[in-house]
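Q: I am attaching a structure below and will ask some questions about it afterwards.
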Amino acid sequence: MSNAPFDELEAELAKFPPAVLDAYREALEAMETSFSSEELLLWAKEGTAIAGQTVRSWESAVEYYRVCPLVARSLAFPSFMQWARCGTYLSQDSPALAVSFFKASPSIVSNLRPQYIPRWAGLGRSLYKGTWKSSTLSGRFFEVSPDLIRNLPFWDVEVFASLVEALSYKSYDVAVECLTLGKDVLPAMGREREAFLAMCRALSDGNWREVKSCFEVAPKALQQIDEGQTSRFLKLGERLTKVGIRDTARFLTDGSLALGQIPQSSQAHILDLCEGLLAVTPEAVPCFLKSLDGVMHRVTINQLDTWFHHGVQLLKDNPESGIAFFKVESNTSESLLETLSSSLELERVKGIVRLYCRALSGTPIEVLNTQELVRRNIGWVDEDTASTDGTKVFLPPVVDHYQDKAQNFSWFKVVATHQVGHLEFGSFDYDFSRPALLFEEERRYALERERGAEQINEDVLVGDVEADGQMRSYTDIGRLLSLFDDRRLAFDLFTVLEDCRLDYRIKVEYPGIRQTAMDVQGDTLSRRPEVEDLPLQEALVELLIRMSLDQFNNLPIPVDYHEEATILAQILHVLRNEAANVEDTGEATLRAYEIISRLENETQPEDQWEPEDMEEPGDFSEEEFQSLLDKLQASQDSSGDAGEGDPYDSPEPVDYRGDFKPEMVQLLTKLQMDQNQQGEGEPLSQEMLEQLLQDSAELELDAEQGDINNSTSTFAQNIMKEAGVPPPNSQPGQGYGPLLHDDDQGGELEAREPKAYVYDEWDFRANDYKPRWCVVKEKSLDEGDSAFYNDALKNYSTLLSHIKRQFELIMPETFRKIYRMVDGEDIDLNAALEAAADIRMKVPPDEKIYWRRNKIERNVSVVFLLDMSASTAEAIDEGRHTVDDRDAPDDPVEYMVWLRRRREGLVRRHYKRIIDLEKESTALLIQALESIGDNYGIYGFSGYGRENVEFYVIKDIEENFTERIKRRIDKITPLHATRMGSAIRHAITKLENQDSPTKIMFLISDGRPQDRGYSREGVEKEYAVHDTHMALLEAKRKDITPFCLTVDKAGHDYLKEMCGDMGYEVLGDIWALPERLPMLYRQLTA
Amino acid sequence: MVEAVESEQNEPQFKEYAIEEFLVRSEPYYRPVGDETELFTAAYNQHIPVLLKGPTGCGKTRFVEYMAWKLGRPMTVVRPMDGGRPAQELNEGEVRVPLVTIACHEDLTASDLVGRYLLDSDGTRWIDGPMTRAVKAGAILYLDEVVEARKDTTVLIHPLTDHRRILPVEKTGQIIEADDRFLLCISYNPHYQSALKDLKHSTRQRFISVEFDYPPAEIEAEIVKKESGCNDDQASALAKLGEKVRNLRDHGLAEGASTRLLIYAGRLMTEGIPPRRACQVAIVWTLTDEPELQRSVEEVVSSIFE
């Protein structure tokens, strides 16, 4: 190596202050090992280039030489030179900048890809604007760079730098402060960093002063929000900023605080709302978030929607009042919240109401939302009115009649009791041929004969005569109602009279509800129309309604029709008797109809009304009634015309009594019955049904006259479907073919192959089971190599002998005789001899002279359920990263691909996975169980989707332990998802068939239950947890002791909810599993 | 029924009986629902063992007590079996059918029933077990919840319940022929037995089976009134409540409210406890621990009681 060039160089360097040469010489020694001599020369020369830039740039050169040995370690020569050149350029602009650059370099180059180095230098350079302040800023940038580069992806650093630059145009101080804050704040952020920077960027254009406070509040604020929602939240902030809303920092704090107060699962929904609001009036968003916490304390998330949408509507009409609304500073807002918070949603009390109805009726009644009934489109149209179809009670989804939840619940109770009353007290059991109990004369037969005669006369013309003279009617109620010309009036009378009978009966049978019922009736009364305004017929019906609601005093009675009103009251009073049956209602209807139908439906003059009390109208007498009828008939005959008056119109319905459709209920029941006993008689055809429906007074077809035929036929079809009657000429593909069961929206599933089982699934939102929702497919696990099993035993030999010893200790206890008992199976000879001797010696003998066997006979059956989900493939050594299912696709095929991809990276493994430990633990456990002789089964479960819950038999509970089982253990592998509920239910079935007094189910899992359509249903992430909880509860109800062991450290979050008061344990250290599992089991059964 | 027994010295009052001497002396209240008394009397006369089936607290035990009293009454004619001992002369007021009741549990073994050797001051002495005593004394032996007992008890039940009517006493090497008046009666609650604990058919088919259930509402009201001393309205409301709550069997409740519980509630009411509260403690909380179920039953209570 020639030294000449170097000597030259040294001479050159000597021109500069001596520090430069010193630094060079010092560095040279270290550099000689890294670079060849040619490279060295280039390196050294670069130093002179730097030093020669400006007066002060020798300082840069000193720093250059100083850091070179460190930088050279990380960079190859070409990159190294590129780096050095960056320094040269910088020193050209400002030597101080270059110094900072070089100082930061050693820790940068080891963390930054070489091609980014110039860009990094460029970032620092761009902050330098030639001023003193900018140079400080730029220097500060290089100073914090090592931290930034180490912790952030480079592009985020770039964005951040450009933000700082943008700020520097406004204020260098702010820029410097943000730079310093950013160093700490940004690395702590996750995916939301990008959104945060974007938001700050948006701020820097306008309210740049706020950027700093945003940096200050962000870390704390964002912690409050669900990880998945932070980006959306920040995006919202950005958009708000862009439309010019001030005080972003406040938005961050307030907003995150508000979101932090509500459950994570609802946060996304709130953000949806915010985004919706943003589109309408951005100013309202901060107000909304600010009030959110207070509002959420008063109402549920569903009710919040109602409140929110009301506010949005208001905003659209009048932004100012809208904003006041969202600030909860307006009366509208306040009173709406008041109503909402006191209102009661059926969903929340459905379980209680259902059991209540079942208790009262003694039948397995379902309680459903009225909307459900309307959706079936079988004749019920009112969404807010309670009703029943004979097997289900339909109640309105929300009650908000009162300012108090308890009162609203009472309302539900009154309504439900009334509906169940229809069943309990036989409204739908009307039987034409069963005698009424309280009315002596059976007028219906007479009327039927009379009518029958007319009918026959008409029919003769058409040529269709029924031999027995009876009219054709499908149902008994239909038969009754067909006796009347004005079916509408007759039906209204029947309804009010039957409801009167029921309400009376309920008050007698359920005195506890009397007061509430009376309150509800009182309320209803206050809303009834004025009797005086109604035409006569309607007025009389209204009078009956009022009396049925317990108003007997001060009733306005038309003076001219005093007698009629009195007799009507008498008729009604007959039904106010515990003994009255539905046939009495029928007879009462008949009588009331005969009176009212003979009157002219004309409005009475105002002065023709007099208030009167009808509490005790006297007893009903057939003679008086008949004489009234004769009188009416006579006047009708004498007046000649039929006395038209106004056409009769139905009264306003009594809201709490709901929709009463006895004919429809009887029809449905009859159709179902006919369906069940096919072959007997002629089934009702669709045409006949349509005819029936058209005649029925219960159907108010809102359709235009022309559409009636159309909608009746739709009704008829729906009703037949409801009753399970296949429609005539149905063809596959018209909706009656095989149902498609393959998506989550589909219906019930069927087990189509051997060893497949169908189970219900608990839907906590509906508070009910989804019937036949999951198919569990039981399969035997493939056999692998028994080497795994034997190796496991070898590896854990010390632990194994310990475990075995522990277990063997349990065993002898069961056979051990216990001596010296006061009482026992037989005499303990030793003790007896002693006692005998004592007696001889005149010493009081010990009376404990018996022995007996330990009474606890160990008889335990246990099922172990191993989680074989994909997540068990995770390596243990490498720390657990959270399993992210959020972006799992919904489509089954894609889901499989996704799962497979997730697993692929984990196939080639040199480390231990969770499942490996599960397997080893199983091996040890089997040894322990075999030594103790408990009856046990080991199963693995996995699956994808509800139609594919896989249940792998590793050792069936009735199977003996053989080599095959050892080989099966080898094949336990991570598979798909975890639908725990169904697997548990199948395990219950397995255990149920065992006759041990002690039954245990041991669930070993590594995380939350999750599956397609099980754990990712939007807001309802809790679905899986709730279903699993219910499955565990079912086990408990069947005297099975469930126990959950999880190795998921986050397990505490959901296990409490999932297991309730049932046993569970979160294993902090997964390595402890092989030891802990058998020990836990021992504890559980000892 | 709530009769405060207060002796003048305020000392505890109790009576001791030898097990086979326990006689039901005063008429126990029993309200026949069907023909069960006739059936039992016939079975007794014909030496046919009786199996009483029914849910808890529906009156099985009371029925047996009542029958013991009724059959032991002087006017009852105990018909002699052919070749048996002659009809006894029944003195006025004499009661002859003792009742031996044994509540079975899982530790009850054959020797508990038959007897065992005990040490005496100078040697051992054989002590008859309750079954032996009943067999000798000609009592009605009532094994309550028989399926709970150990399997070895069937060894004793079988020879006693067929035509032999004998009790082998293994340890003493004796066989005891049952007294003519002896009758074995067992009870069994089909509801809460697992398949495991079911009675074996060879055992079952030695008995006639009388099924018990909670009585119909009117009769139950009568019983509740009589037993608890509450008023008519309360009694019929309680009976109604019982009926309604029993509707919830299989909808979460393992067992319906027994007549016994209704009577408890009635007694609390007689003592002045408000009806809703009485039902809550006697019925709702006794029946279930599940909050939703409790609430539902409470709603039924609050509908029925003011």
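The values are calculated or read from the model by the stated rules, or taken from the named source; none is laboratory data. Because the structure is a prediction, the values reported are computed rather than measured. Neighbour counts are summed over all protein chains in view; Cβ atoms, including those assigned to glycine, are modelled from backbone coordinates with ideal geometry. Just so you know, the surface numbers come from the protein's heavy atoms only, side chains and all, with ligands and any DNA or RNA stripped out. Shrake-Rupley method; radii C 1.70, N 1.55, O 1.52, S 1.80 Å.
Q: What does the average come to when, for each residue of peptide A:832-840, you count the partner chain Cβ atoms lying within 10 Å of its Cβ? If you can, show how the numbers build up before the last one.
A: Details: counts 3, 0, 0, 1, 6, 0, 0, 5, 2.
Rounded to a whole number, the mean comes out at 2.
Q: Please average, across the residues of B:293-301, the number of beta carbons from any other chain that are within 10 Å of each residue's own beta carbon, and give a whole number.
A: Mean inter-chain Cβ contacts per residue within 10 Å come to 6.
Q: Are there GluC sites (Glu not before Pro) in region A:519-553 that DSSP marks as loop and that have at most 12 other Cβ atoms within 10 Å, and which are they?
A: Passing sites in region A:519-553 are A:Glu530.
Q: Which ³J(HN,Hα) values, rounded to whole Hz and listed in residue order, are derived for region A:298-313 from phi using the Karplus coefficients 6.51, -1.76 and 1.60 in 6.51 cos²θ - 1.76 cosθ + 1.60 with θ = phi - 60°, glycine and proline given as x?
A: Each residue of region A:298-313 in turn: 9, 10, 7, 5, 5, 5, 4, 4, 4, 4, 4, 5, 4, x, 4, 4 Hz.
Q: Additional query: Check A:Val398: other-chain or 5+ apart residues with amide H under 5 Å from its amide H, H built from backbone geometry?
A: A:Leu346
Q: If I compute solvent accessible area with a 1.4 Å probe over the protein chains, what percent of it on region A:12-103 is carbon and sulfur? If you can, show how the numbers build up before the last one.
A: Working: 2180 of 4180 Å².
For region A:12-103, the apolar C and S fraction of the accessible surface comes to 52 percent.
Q: Ordered by packing density, taken as the mean number of other Cβ atoms within 10 Å over each peptide's residues, highest first, how do B:178-189, A:150-161 rank?
A: Ranked from most to least packed, the peptides come out as B:178-189, A:150-161.
Q: Could you put A:Lys235, A:Lys392 in order of accessible surface area, largest first, with the 1.4 Å probe and the full protein assembly present?
A: A:Lys235, A:Lys392
Q: Now, a different point. Say the cut-off is 19 Å between C-alpha atoms; which of A:Lys919/A:Lys1056; A:Lys919/A:Lys1036; A:Lys999/A:Lys1036 go over it?
A: A:Lys919/A:Lys1056; A:Lys919/A:Lys1036
Q: Taking amide H positions as placed 1.01 Å from N in the peptide plane, with prolines and chain starts having none, which residues 5 or more places from A:Val758, or on another chain, fall under 5 Å of its amide H?
A: A:Val776
Q: Sort B:230-239, A:975-984 for me by packing, meaning the mean count of neighbouring Cβ atoms within 10 Å per residue, highest on top.
A: Listed from highest to lowest mean packing, they are A:975-984, B:230-239.
Q: Identify all lysines with a Cα-Cα distance to B:Lys70 below 26 Å; exclude those on the same chain that are fewer than 8 residues away in sequence.
A: Candidates past the 8-residue exclusion: B:Lys15, B:Lys53, B:Lys60, B:Lys136, B:Lys225, B:Lys226.
Q: Amide H of A:Asp763 versus every other amide H placed in the peptide plane: which residues, excluding those fewer than 5 positions away on the same chain, fall under 5 Å?
A: Amide H neighbours of A:Asp763, under 5 Å, 5+ apart: A:Asp768, A:Tyr769, A:Lys770.
Q: If you don't mind, there's one more thing I want to ask. Show me you know the interface measure: the accessible area buried between A and B, both chains summed, probe 1.4 Å, in Å² to the nearest 100.
A: 2700
Q: Hey, what did region B:150-284 get for relative contact order, percent, Cα under 8 Å, at least 6 apart? Write out the running numbers ahead of the final one.
A: Values: 119 pairs, mean separation 20.5, N = 135.
Once divided by the residue count of region B:150-284, the mean separation gives 15 percent.
Q: May I pose another question? Mean separation of Cα pairs under 8 Å and 6+ residues apart, divided by the residue count of region A:315-426: what relative contact order is that in percent?
A: 28
Q: Next up: Sorted by packing (mean other beta-carbon atoms within 10 Å per residue), highest first, where do A:257-270, A:618-631, A:501-514 land?
A: A:501-514, A:257-270, A:618-631
Q: How many Cβ atoms of partner chains, on average, are near each residue of A:502-515 if near means within 10 Å of its Cβ?
A: 3
Q: Checking the cross-link filter: which lysines have an alpha carbon closer than 21 Å to that of A:Lys235, excluding same-chain neighbours under 8 positions apart?
A: A:Lys212, A:Lys220, A:Lys290
Q: Give the average over all directions of the projected area of the C-alpha convex hull of region A:218-319, one decimal, in nm².
A: The directionally averaged projection comes out at 5.8 nm².
Q: Ignoring ligands, DNA and RNA, what percent of the 1.4 Å accessible area of region A:106-208 is carbon and sulfur?
A: Its accessible area is 51 percent carbon and sulfur atoms.
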